[in-house]
């Protein structure tokens, strides 16, 4: 009872029952091929009556002997135990089959006197080992399958947690970046500060209070990108030529919030950190079953976008929300960077 309680979960009772029933039916058919209905009946009775012997033999080895010996590196003890079980259960099976099954249902199949000799016991015992091998093979496969399934579940939880943390960190991260840029503008062009604060307040209102869901309307995402670009266009001035191109029906799509903003923010840090001129283009195209985000960043001078974590987290977000229904294309050069996100539905 303790053995069953530890090793055979109630959810697996159906599996074990199906396994033994399949074994009875399969080997009844195999043993009876070429015989009449009587042969099928005799062998069916044989397998039903001897079933407890095979079950006890198999479970004692699979759930008690191997865990106590082989799995702990005690190979010789495992070999001795299997050999002992082979002999004991072979003797029991021979006696039950001869004195009960064949004596009652078909005396022509009874063994001759002296059938309990070492040769018959070993041959019968070895022949009965296939059921243990099949059972163990299925058990190993089942353990592998559930282990793989559990690993996949843990990976899914890990990704969900990682993305949740990222979302909570993203808002303060972008706000901090904007405050730093606000300080830069305040030092260089103090007269722009009041108007810049007004623009930022409108953006922050949407940014903080309207993106709580895992997926948001594409129209809201476009609005956030547009306002974000507008703030920086005003702050940076002519040193960066911004373009936002939007085509299609935005209301037919949803997307993860702030999907492209971290990439844009990383690029704009480069603009704030030097005196070069830049071209910045964002293209958003929405078709019936297709959504495209493209970000292009160009300058006459060389630059480097150092934050590769943005691309990695975008890949994870798309893999989580649109598994097998997305594609990311990246193209970089010394003075050019482009990232395109395609989402299929």
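Quick one: which of 297, 293, 303 is touching a helix residue (DSSP H, G or I) at 6+ places or on another chain (Cβ under 6 Å), assigned to a strand (DSSP E or B) and surrounded by 13 or more Cβ atoms within 10 Å (Cβ to Cβ)? Steps first, answer last, please.
Numbers: 293 fails: touching a helix residue (DSSP H, G or I) at 6+ places or on another chain (Cβ under 6 Å); 303 fails: assigned to a strand (DSSP E or B).
Testing whether each residue is touching a helix residue (DSSP H, G or I) at 6+ places or on another chain (Cβ under 6 Å), assigned to a strand (DSSP E or B) and surrounded by 13 or more Cβ atoms within 10 Å (Cβ to Cβ) leaves just 297.
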- prompt: Within segment 230-255, which residues are exposed (fewer than 15 other Cβ atoms within 10 Å of the Cβ) and in contact with a strand residue (DSSP E or B) (Cβ under 6 Å, 6 or more places away or on another chain)?
  reply: 241, 243, 245, 247, 249
- line: Exactly one of 205, 249 is assigned by TED's automatic domain parsing to the domain that holds residue 313 and at pLDDT 85 or above, and that residue is 249
field: Residues satisfying the stated conditions in segment 268-290, i.e. in a loop (DSSP other than H, G, I, E, B) and in contact (Cβ under 8 Å) with a residue 40 or more places away in the chain
entry: 289
- request: Restrict the check to segment 94-104 and report whether at least one residue is loosely packed, with under 12 Cβ neighbours inside 10 Å, at pLDDT 85 or above and assigned to a helix (DSSP H, G or I).
  value: yes
The one condition in (1) surrounded by 13 or more Cβ atoms within 10 Å (Cβ to Cβ); (2) in contact with a helix residue (DSSP H, G or I) (Cβ under 8 Å, 6 or more places away or on another chain); (3) within 30 Å of residue 59 (Cβ to Cβ) that residue 206 fails to fulfil: (3)
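Looking only at segment 318-345, how many residues end up being assigned to a loop (DSSP other than H, G, I, E, B) and surrounded by 15 or more Cβ atoms within 10 Å (Cβ to Cβ)? Don't jump to the end; show me each part of the working.
First, pick out the residues of segment 318-345 that are assigned to a loop (DSSP other than H, G, I, E, B): 322-325, 334-335, 345.
Pick out the ones that are also surrounded by 15 or more Cβ atoms within 10 Å (Cβ to Cβ) and you get 322, 335.
Looking only at that region, the number is 2.
In this structure, does residue 70 turn out to be closer than 17 Å to residue 132 by Cβ and out of contact with any strand residue (DSSP E or B) (no Cβ under 8 Å at 6 or more places or on another chain)?
Values: closer than 17 Å to residue 132 by Cβ: yes; out of contact with any strand residue (DSSP E or B) (no Cβ under 8 Å at 6 or more places or on another chain): yes.
Taking the combined requirement at face value, the residue satisfies it.
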- request: Would you be able to say whether some residue in segment 141-156 is closer than 30 Å to residue 18 by Cα and surrounded by 12 or more Cβ atoms within 10 Å (Cβ to Cβ)?
  value: yes
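Quick check on residue 310: is it in contact (Cβ under 8 Å) with a residue 40 or more places away in the chain and either within 22 Å of residue 174 (Cα to Cα) or assigned to a loop (DSSP other than H, G, I, E, B) (or both)? Even if it seems obvious, please write down each step before you answer.
Numbers: in contact (Cβ under 8 Å) with a residue 40 or more places away in the chain: yes; either within 22 Å of residue 174 (Cα to Cα) or assigned to a loop (DSSP other than H, G, I, E, B) (or both): yes.
Yes.
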task: Residues being crowded, with 20+ Cβ neighbours inside 10 Å and either in contact with a strand residue (DSSP E or B) (Cβ under 6 Å, 6 or more places away or on another chain) or over 19 Å from residue 313 (Cα atoms) (or both): count how many of those fall in segment 256-281.
output: 7
- request: Would you mind finding the one in 227, 221, 214 that is part of a helix (DSSP H, G or I) and either closer than 21 Å to residue 344 by Cβ or outside the structural domain of residue 319 (by TED's automatic domain parsing) (or both)?
  value: 221
- line: If we keep only residues of segment 120-138 that are at pLDDT below 80 and surrounded by fewer than 16 Cβ atoms within 10 Å (Cβ to Cβ), then the residue farthest from the chain's Cα centre (by Cα) is 127
message: The conditions are (1) surrounded by fewer than 20 Cβ atoms within 10 Å (Cβ to Cβ); (2) in contact with a helix residue (DSSP H, G or I) (Cβ under 8 Å, 6 or more places away or on another chain), and residue 284 fails exactly one of them. Which is it?
response: (1)
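The values are calculated or read from the model by the stated rules, or taken from the named source; none is laboratory data. For clarity, every value in this text was computed on a predicted model and none was experimentally measured. Here Cβ is always computed from backbone atoms with ideal geometry, including for glycine, and neighbour counts include all displayed protein chains.
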